[in-house]
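This report refers to the structure that appears directly beneath it.
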Amino acid sequence: MADHTVPTVKLNNGVEIPQLGFGVFKVPDDVTTSVVLEAIGAGYRSIDTAAVYGNEAGVGRALAQTEVPREDLFITSKLWNDDQGYESAFKAFDLTMEKLGLDYLDLYLIHWPTPERGLYEQTWRALEELYAQKRVRAIGVSNFQPAHLDRLIAGSNVVPAVNQIEIHPALQNREAIAANVKHGIATEAWSPLAKGEVLAEPIILDLAARHGKSPAQIVLRWHLQAGRIVIPKSVTPSRIAENIDVFDFELTDADLKQIDSLERDYRTGPHPDRFN
């Protein structure tokens with residue numbers, strides 16, 4: 001699967017991110033290198049990691065080994081809750097860069113707002129400086145609710161380029177998406193397949209049979225047609241290849257509405273207002 005099949009989304013600062021990327025959440029560090037190389041070989045050019053995943057070094061080893069030029073890759077990492085605050089954010093970023101073996105990052109996100117700590121505005125000031133220094137091509141947030149976004153943007157100079165939030169057919173997070181749209185922030189979906197839990201839904205199975213695609217491909221296509229950035233993860237080579245093979249078919253409006261009907265406010269992760 002050639003990499004040029006993945007369209008890009010233009011962020012609010014003009015930087016382009018592949019619309020479909022590869023996530024490495026919960027992939028052990030020693031496995032990450034081979035899995036990321038497998039993904040790059042399958043055509044993925046966007047890799048999403050985070051400090052708390054404990055596998056930035058594994059991603060870094062893959063980046064050192066691949067023959068794909070650095071400028072053709074889009075690398076995202078995230079700052080963990082314990083490292084929030086102005087000074088500590090710089091230290092955390094330096095450690096991330098050391099592990100990844102990179103001299104610049106494409107996207108750096110505040111992983112959670114952790115509202116009780118009240119530190120995300122200070123943290124954001126540090127990210128704005130990293131952005132001004134061109135050490136990061138774009139900065140953003142993850143798991144920010146509308147109220148967190150409003151507060152962050154009111155006191156800052158740079159509007160986040162991306163808000164990465166949990167979205168899948170069982171949790172469509174419409175208010176958060178609407179807030180992103182209002183501010184010109186791109187929406188990126190994590191846990192896009194609800195950790196596999198939506199794949200056995202009769203609606204999904206029926207659409208998969210009708211389109212001659214897998215249930216995962218149906219759900220990924222639903223995300224893509226909504227204009228979202230999406231980062232499925234797998235450690236299985238066949239699934240890694242399958243998840244990027246979603247650009248040769250289209251769901252109808254009726255298909256999309258059927259998938260929309262699966263909303264049930266089901267979270268696979270914590271609620272951002274309460275996770276501190």
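Each Lys and Arg adds +1 at its Cβ and each Asp and Glu adds -1 at its Cβ; summed about the Cα centre, the stretch 200-268 shows a dipole of about 260 debye.
3J(HN,Hα) couplings calculated from phi for the stretch 240-247 with the Karplus curve 6.51 cos²θ - 1.76 cosθ + 1.60 (θ = phi - 60°) are, in sequence order, 4, 5, 5, 5, 9, 8, 10, 10 Hz; Gly and Pro show x. Note on the chain: antiparallel DSSP beta bridges, both residues inside, total approximately 15 percent of the bridges counted.
Calculate the length of the line joining the C-alpha centroid of the stretch 60-82 to that of the stretch 1-55, in whole Å. Spelled out, the Cα-based centre of one part sits 8 Å from the other.
Ranked from the most accessible area to the least, with a 1.4 Å probe and all protein chains present, what is the order of GLU67, GLU56? Let's see the in-between values first.
Working: GLU67 180, GLU56 5 Å².
Correct descending sequence by accessible area is GLU67, GLU56.
For LEU20, nonlocal amide neighbours, meaning residues 5 or more places apart or on other chains whose placed amide H falls under 5 Å from its own, are VAL230.
Karplus-based coupling profile of the stretch 77-86, in residue order and whole Hz: 9, 9, 8, 7, 3, 5, 9, 5, x, 5, with θ = phi - 60° in 6.51 cos²θ - 1.76 cosθ + 1.60 and x standing for Gly or Pro. Once the mean 1/r over all distinct Cα pairs of the stretch 98-212 is inverted, what Kirkwood radius in angstroms do you read off? One decimal place: 15.8 Å for the Kirkwood radius. Each of ASP72 and SER34 was given a label point 7 Å from its Cα along the Cα-to-Cβ line. The distance between the two points is 2.4 nm. Close amide H pairs (under 5 Å, H built 1.01 Å from N) link LYS78 with ALA50, ALA51, LEU109, residues at least 5 positions away or on another chain. In this Cβ point-charge picture (+1 for Lys and Arg, -1 for Asp and Glu), the stretch 38-157 has a dipole of about 80 debye about its Cα centre. Kirkwood's formula applied to the C-alpha pairs of the chain gives a hydrodynamic radius of 18.8 angstrom. Under the criterion of Cα pairs below 8 Å and six or more residues apart, the relative contact order for the chain equals 20 percent.
With just the Cα atoms defining each centre, how far is the stretch 93-151 from the stretch 175-200? Give it in Å. After rounding, the separation between the Cα centres reads 19 Å.
Cα centroids of the stretch 243-264 and the stretch 218-233: 9 Å apart.
Just so you know, the Cα atoms of the stretch 211-269 work out to an Rg and Dmax of 12.1, 32 Å.
The values are calculated or read from the model by the stated rules, or taken from the named source; none is laboratory data. If you're wondering where the values come from, they're calculated on a predicted model, not measured in any experiment. So basically every Cβ, Gly included, is an ideal-geometry build from the backbone, and we count neighbours across all protein chains shown. Surface areas here come from the heavy atoms of the whole protein model, side chains and all, with no ligands, DNA or RNA. Shrake-Rupley method; radii C 1.70, N 1.55, O 1.52, S 1.80 Å.
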